[in-house]
1. From the backbone phi of region 29-43, what are the Karplus-calculated ³J(HN,Hα) couplings (6.51 cos²θ - 1.76 cosθ + 1.60, θ = phi - 60°) in whole Hz, Gly and Pro given as x?
2. Separation between the R53 and T36 pseudo-spin-labels, each 7 Å from Cα along Cα→Cβ, expressed in nm?
3. So, by mean Cβ neighbours within 10 angstrom, what's the order for 21-28, 57-64, 34-41 with the highest one leading?
Amino acid sequence: MSNTNPGLATRAAEVLLGRFRAGECPLGHKLPGQTTLALAIAVVRSTLREAIRELAGHGVLESSRAPASS
């Protein structure tokens, strides 16, 4: 069970999508880090992660993990 508010995650996804459409994150570029992005749209990181999952599920984003540092 998730501790995020599904409505809030959907609204965060809409805010992100609006920013993408406005050209703030050009196509094919890496997004800012989760902490930075969460602060920019005024949500907690768990809500941001849910919003990213939602957008990835709709094919808007491709989500990948950063390589582990050695």
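Throughout, read-outs are computed from the coordinates displayed, never taken from laboratory work. For clarity, every value in this text was computed on a predicted model and none was experimentally measured. We place every Cβ from the backbone using ideal geometry, glycine too, and count neighbours over all the protein chains shown.
1. 8, 6, 6, x, x, 4, 4, 4, 5, 4, 5, 5, 10, 6, 9
2. Roughly 2.4 nm, to one decimal.
3. 34-41, 57-64, 21-28
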